[in-house]
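The structure under discussion appears below in the form of structure tokens.
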Amino acid sequence: MEIKKNDIVVVTIDDIGMDGEGIGKVDGYTLFIKDAIIGDKIEAKVMKTKKNYGYARLMNIIEPSAYRVEPKCSLARPCGGCQIQSMSYERQLVFKQDKVKNNLIRIGGFLEEDIHMHPIIGMDNPWRYRNKAQVPVGRDKDGNLATGFYAGRTHDIINQKDCYIGSKKNQIILNKVKEFMDIYGIPPYYEATHMGLIRHILIREGFVTGEIMVCLIMNGDKLPESDKLVKSLLEVEGMTSISLNVNKEKTNVILGKEIINLYGEGYIYDYIGNVKYQISPLSFYQVNPVQTKVLYEKALEYADLKGDETVWDLYCGIGTISLFLAQKAKRVYGVEIVPAAIEDAKKNAKLNGFDNARFYVGKAEEVLPEAYEKEKIYADVIVVDPPRKGCDETLLDTIVKMSPKRVVYVSCDSATLARDLRYLSDRGYQVEKVQPVDMFPHTGHVETVVLMSRVDN
Ligand code: SAH
């Protein structure tokens with residue numbers, strides 16, 4: 001039987017795709033089905049077909065999988081922020097562990113016994129882990145003010161009541177902003193016409209300090225009656241910084257460059273472990289601080305520092321890992337492409353009294369080779385934490401030339417991780433330990449930290 005668009009098929013889900021979607025076969029033809037859970041027997045509607053595989057939509061669950069759970073959030077399916085809330089957390093962890101393992105075997109060409117995988121570190125409580133919310137403001141289909149997420153491909157906003165992966169306080173804050181907008185007739189931004197004022201509400205919370213930041217992203221630079229909003233928001237415990245961000249562009253980039261302070265100094269503080277960070281609305285900061293600590297402590301453990309080492313931290317961002325390492329190393333050098341992140345890194349080094357950390361702006365694959373050729377720089381340990389596309393080959397070549405004892409690889413994409421580990425494995429390094437960490441429960445993402453060591457012969 002040939003599978004065609006709009007066919008209704010019955011299918012048993014027997015595998016999980018890269019993003020957590022269900023995979024099943026009908027007469028040997030593979031279908032990818034979002035929201036279907038491995039073990040489900042379902043009815044699905046074929047939406048799109050290609051030569052060897054197609055995509056279908058879950059219509060009806062005939063026999064639920066043993067791994068299927070009632071999602072905590074009734075909007076989990078239309079929202080799209082979480083992809084696998086209907087899968088039990090235990091099974092989510094197995095899925096992520098397997099994803100890393102299979103990529104290392106299939107893409108990296110490693111043997112299972114050679115990669116020394118440790119069981120994934122999950123969260124004891126996989127809810128309310130996000131310290132940041134960025135919520136669009138608009139109107140629902142009845143014209144009422146709404147904060148939540150866009151409904152399908154429309155400009156209508158579906159009102160979200162409480163997001164269970166975010167802070168409990170978010171809803172109180174969002175309601176206060178909505179109430180203020182209603183009372184003073186402040187219009188939300190309307191994408192289609194580029195009219196209206198309030199585009200997004202950004203909320204950040206220091207989980208250790210309890211400090212809260214609220215920033216309204218506006219299509220304008222004046223907020224009428226802003227003192228009334230400040231007064232209302234200050235009723236929320238922990239409120240430390242209230243500001244406006246100006247974004248008058250026709251763009252889906254959320255934040256503009258200009259910040260106007262309404263209350264406080266324009267930043268909050270938080271800690272990861274013993275290291276203190278200053279966070280402004282524009283700063284990059286990890287969104288799951290609890291698991292970030294777990295991940296970076298692993299990276300520090302794998303670096304195995306005794307106190308006299310020189311360490312390079314490549315793709316260092318605001319220096320989160322660099323400063324973790326600076327607690328134990330003699331010297332740390334960080335390299336990062338975004339200048340504002342390096343400003344934050346320097347500020348945070350000072351804030352913590354570290355005078356052994358130095359930061360460079362630039363592409364890791366340019367800064368490191370150049371410094372090596374010109375100054376013959378040296379490293380005992382090199383840490384990399386690249387974006388999804390992984391490390392540039394020029395950079396890996398320089399790492400091989402510098403020949404550090406250990407390379408610690410922190411990765412948010414196990415496919416490019418596998419590729420890069422293979423490259424280093426073919427050039428004098430061996431994989432010692434692989435540790436997946438679940439930073440984003442209910443989504444398909446998984447972080448991994450790997451220790452490689454130089455093979456001396
Ligand atoms: N460890 C960092 C986060 C790393 S995320 C922290 O905790 O803050 C990856 C970082 O790599 C981002 O900050 C991104 O801006 C940076 N980046 C992307 N391409 C780069 C390149 N070619 N060279 C250096 N940094 C790069």
Expressed in nanometres to one decimal, the distance between label points 7 Å along Cα→Cβ at ASP98 and GLN430 is 3.0
A student asked for the Cα radius of gyration and Dmax of region 132-272 in angstrom ought to give 14.3, 43
Once GLN134 and ASP19 are pulled to full extension, the length gained, defined as 0.36 nm per residue separation minus their Cα-Cα distance, is 39.2 nm
Among LYS45/LYS250; LYS72/LYS169; LYS306/LYS347, the pairs whose Cα-Cα distance exceeds 28 Å are LYS45/LYS250
Zone reached by a paramagnetic label modelled 7 Å from GLU265 Cα along Cα→Cβ, restricted to region 213-238 with backbone N below 17 Å, covers 213-214, 238
1/(1 + (r/R0)^6) with r = Cβ-Cβ of ASN274 and LYS330, R0 = 22 Å, i.e. FRET efficiency to nearest 0.05, evaluates to 0.75
Treating only Lys and Arg (+1) and Asp and Glu (-1) as charged, each at its beta carbon, one finds that region 8-68 has a dipole about its Cα centre, in Debye to the nearest 20, of 300
Put GLU447, GLU70, GLU90 in order of accessible area, largest first, probe 1.4 Å, and you get GLU70, GLU90, GLU447
Dividing the mean separation of Cα pairs under 8 Å (6+ apart) by the residue count of region 1-98 yields a relative contact order in percent of 23
Expressed as a whole-number percentage, the relative contact order of region 132-272 with C-alpha contacts under 8 angstrom and at least six residues apart is 19
From most to least accessible, 1.4 Å probe, no ligand or DNA/RNA atoms counted, ARG427, ARG406, ARG106 line up as ARG106, ARG427, ARG406
Averaged per residue, the 1.4 Å probe accessible area of region 8-68, protein heavy atoms only, in Å², is roughly 54
Ranking PHE440, ILE13, GLN160 by how far each Cα lies towards the positive end of the charge dipole of the chain (+1 on Lys and Arg Cβ, -1 on Asp and Glu Cβ), the top one is GLN160
With every protein chain kept in place and a 1.4 Å probe, region 132-272 has an accessible area per residue in Å² of 49
With +1 at each Lys and Arg Cβ and -1 at each Asp and Glu Cβ, the charge dipole magnitude of the chain around its Cα centre, to the nearest 20 debye, comes out at 660
Here, ILE61 and VAL236, labelled 7 Å along Cα→Cβ, have an inter-label distance in nm of 3.3
A 1.4 Å probe over the protein heavy atoms gives the chain a carbon and sulfur accessible-area percentage of 49
Between the residues CYS82, ILE172, VAL400, the Cα farthest towards the positive end of the dipole of the chain, that dipole coming from +1 and -1 charges on the beta-carbon of Lys, Arg, Asp and Glu, is from ILE172
To the nearest 0.05, the calculated FRET efficiency linking THR209 and MET1 through their beta-carbon distance, R0 being 60 Å, is 0.50
quick shape note, region 1-40: Cα extents on principal axes in Å, largest first -> 26, 15, 14
Quick note, the chain: a/c under 1.5 would make it rounded; otherwise a/b > b/c is prolate and the rest oblate (a ≥ b ≥ c, C-alpha gyration tensor); here it is oblate
If the chain between THR193 and ARG106 were fully extended at 0.36 nm per residue, the gain over the current Cα-Cα distance would be 26.5 nm
Everything considered on the Cα gyration tensor (a ≥ b ≥ c; rounded for a/c under 1.5, else prolate if a/b is larger than b/c, else oblate), region 364-424 must be described as prolate
Length gained if ASP156 through GLU258 is fully extended, taking 0.36 nm per residue and subtracting the Cα-Cα distance, is 34.0 nm
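The values are calculated or read from the model by the stated rules, or taken from the named source; none is laboratory data. Remember, predicted model here, so these are calculated numbers, not experimental data. Neighbour counts are summed over all protein chains in view; Cβ atoms, including those assigned to glycine, are modelled from backbone coordinates with ideal geometry. Each accessible area value is taken on the protein alone, full model and side chains, heavy atoms only, with ligands, DNA and RNA left out. Shrake-Rupley method; radii C 1.70, N 1.55, O 1.52, S 1.80 Å.
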